[in-house]
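Chemist: Below: one structure in structure tokens.
The values are calculated or read from the model by the stated rules, or taken from the named source; none is laboratory data. The structure presented is a predicted model; accordingly, all values stated were derived computationally and were not measured. All Cβ positions, even for glycine, are placed from backbone atoms using ideal geometry, and neighbour counts span all protein chains on display.
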Protein chains: 2
Amino acid sequence: MDLIYRGKTKDVYKDNNGETVLYFKDDMTGKDGVFDPGENQVGLKVEGSGKAGLQMTSFFFEKLNAADIPTHYISADVEKREMRVKKVSVFGQGLEVICRFRAVGSFLRRYGAYVEEGAELPAYVEVTLKDDERQDPVINEAALEALNILSGQEYKEIAELTVKISELVKEELAVKDLELYDIKLEFGRDEETGEILLIDEISGGNMRVYKDGAYIEPLKLNGYMFEE
Amino acid sequence: MDLIYRGKTKDVYKDNNGETVLYFKDDMTGKDGVFDPGENQVGLKVEGSGKAGLQMTSFFFEKLNAADIPTHYISADVEKREMRVKKVSVFGQGLEVICRFRAVGSFLRRYGAYVEEGAELPAYVEVTLKDDERQDPVINEAALEALNILSGQEYKEIAELTVKISELVKEELAVKDLELYDIKLEFGRDEETGEILLIDEISGGNMRVYKDGAYIEPLKLNGYMFEE
């Protein structure tokens, strides 16, 4: 397989049939050895985190595909830490779409004058640009249009998909008495069909999950979800 | 007159008839003695700046009132640096609504990966919270709704008023061969009628104006506008 791109938590390969394969690494985003899904640098290496991330991702992507929500997912080999995906192009240099059910993280840091930590939010959606140099700035719908990153129609479609996907993840977590506070999604366009697809991953690494008001670390999440 | 509130560039008084009077001070926002409309601290004191600010403000507010755009403006006494205004309540702890015709300032700092300095923007509107402690964070329509600061209808009304007002200011400046790059407005609700009104001021201190591609400092702007 040929290495196409070396990412922070995943590497991208093209296999001998020209298919795209994501390899889940043991690197996690954070700062000074502490995991933080809001950080945009690798902060720690944890053995088993790549495999755990893929186990969770394949679980959710299969649920989403079954619910007819379009994703880039084709198949996964959890032991090999490989996920086969459709070929996509991203919007601009990549967007992150965040859905928030409770006020924590950067939302609280920005709007703390108006909201208590942990207050409920109505599946609130916001978009940030993937731009390490500029600390992933928040961007509104009008600016996405003005900068030709998304049309108004694309924004609407992505925001609606985001709520649908986040609600599904929230419900799956609730089955295990876990509560989703927020989740970060990425979208791309299917290079063959032009369809907007959920891409990247859905794992502990891109959501904040609580149980009885206490934050659950990403790696512990797999235990709650997949073990009896 | 009784002092009600001491602001960064204006003080608010109540006169003997209970009317609200704004007193324009000679303080300007900026940093280390350099004017910057994007800063939210007083950075310098310039004799004559209060009077110049009120001269410009009364000029634009009278134009706006004549164009049936609702503002808090009643009358001004430029020599005394006093402006009489309607009594209003602000949204939340106060919002700033920015209209941008060209990419400079914080827009460029945030979205510089997608836009060149000075590139044209289509009367792009964005809202920030007045919150010195949190550096006036940008906030989108969904968050304004989620935090009960603005309803969807109020957001729409304010965004439309912002474009109308900014276009009027842009046209008035163009008469003197000046170009408006961006402008920062504030809105409130008339305490008597409930109507949404433009409040605060419209002066060099809350806009960026260029002439032949060169930035014009706020105080020099009055010279271009009002002297032959």
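Chemist: Please go through (1) assigned to a strand (DSSP E or B); (2) closer than 28 Å to residue B:20 by Cβ for residue B:202 and return the number of the only condition it doesn't satisfy.
Modeler: (1)
Chemist: Quick check on segment A:150-163: of everything there that is surrounded by fewer than 20 Cβ atoms within 10 Å (Cβ to Cβ) and within 13 Å of another protein chain (Cβ to nearest Cβ), which residue is farthest from residue A:189 (Cα to Cα)? Steps first, please.
Modeler: Taking segment A:150-163 first, the residues surrounded by fewer than 20 Cβ atoms within 10 Å (Cβ to Cβ) are A:151-154, A:156-157, A:159-160, A:163.
Within this subset, residues satisfying the condition of being within 13 Å of another protein chain (Cβ to nearest Cβ) are A:152, A:156, A:159-160, A:163.
Details: A:152: 16, A:156: 15, A:159: 15, A:160: 16, A:163: 18 Å.
For segment A:150-163, the residue satisfying everything is A:163.
Chemist: On to the next question. Say we look at segment B:92-108 and pick out the residues that are out of contact with any Lys or Arg (no Cβ under 7 Å at 6 or more places or on another chain) and among the charged types (D, E, K, R); which of these is farthest from the other protein chains (Cβ to nearest Cβ)?
Modeler: B:102
Chemist: Residues B:64, B:54, B:95: which one is assigned by TED's automatic domain parsing to the domain that holds residue B:7, within 19 Å of residue B:159 (Cβ to Cβ) and within 18 Å of the chain's Cα centre (by Cα)?
Modeler: Details: B:54 fails: within 19 Å of residue B:159 (Cβ to Cβ); B:95 fails: assigned by TED's automatic domain parsing to the domain that holds residue B:7.
Just one listed residue meets the conditions, B:64.
Chemist: Here's another thing I want to ask about it. Going by what's in this entry, would residue A:166 be described as modelled with pLDDT of 95 or more, crowded, with 19+ Cβ neighbours inside 10 Å and farther than 24 Å from residue B:131 by Cβ?
Modeler: Yes; evaluated as a whole, the condition is true for this residue.
Chemist: If residue A:89 passes every condition in (1) under 25 Å from residue A:181 (Cβ atoms); (2) polar (S, T, N, Q); (3) surrounded by fewer than 21 Cβ atoms within 10 Å (Cβ to Cβ) but one, which one does it miss?
Modeler: (1)
Chemist: Scan (1) surrounded by fewer than 14 Cβ atoms within 10 Å (Cβ to Cβ); (2) under 18 Å from the mean Cα position of the chain (by Cα) for the single condition residue A:71 breaks and write down its number.
Modeler: Only one criterion is unmet by residue A:71, namely (1).
Chemist: Right, next: Does residue A:167 fit the bill of being assigned by TED's automatic domain parsing to the domain that holds residue A:57 and not aliphatic (A, V, I, L, M)?
Modeler: no
Chemist: Now for a different question. How many residues does segment B:110-128 contain that are within 7 Å of chain A (Cβ to nearest Cβ) and touching an Asp or Glu at 6+ places or on another chain (Cβ under 7 Å)?
Modeler: The total comes to 1.
Chemist: On the given criteria, is residue B:17 surrounded by fewer than 16 Cβ atoms within 10 Å (Cβ to Cβ), part of a loop (DSSP other than H, G, I, E, B) and outside the structural domain of residue B:173 (by TED's automatic domain parsing)? Please lay out each step first, then the result.
Modeler: Details: surrounded by fewer than 16 Cβ atoms within 10 Å (Cβ to Cβ): yes; part of a loop (DSSP other than H, G, I, E, B): yes; outside the structural domain of residue B:173 (by TED's automatic domain parsing): yes.
Considered against the rule, which asks whether it is surrounded by fewer than 16 Cβ atoms within 10 Å (Cβ to Cβ), part of a loop (DSSP other than H, G, I, E, B) and outside the structural domain of residue B:173 (by TED's automatic domain parsing), residue B:17 comes out as yes.
Chemist: Tell me which residues, restricted to segment B:2-22, are of a type in the set (Ser, Thr, Tyr) and closer than 25 Å to residue B:208 by Cβ. Give the derivation first.
Modeler: Within segment B:2-22, the subset of a type in the set (Ser, Thr, Tyr) is B:5, B:9, B:13, B:20.
Correct list: B:9 only.
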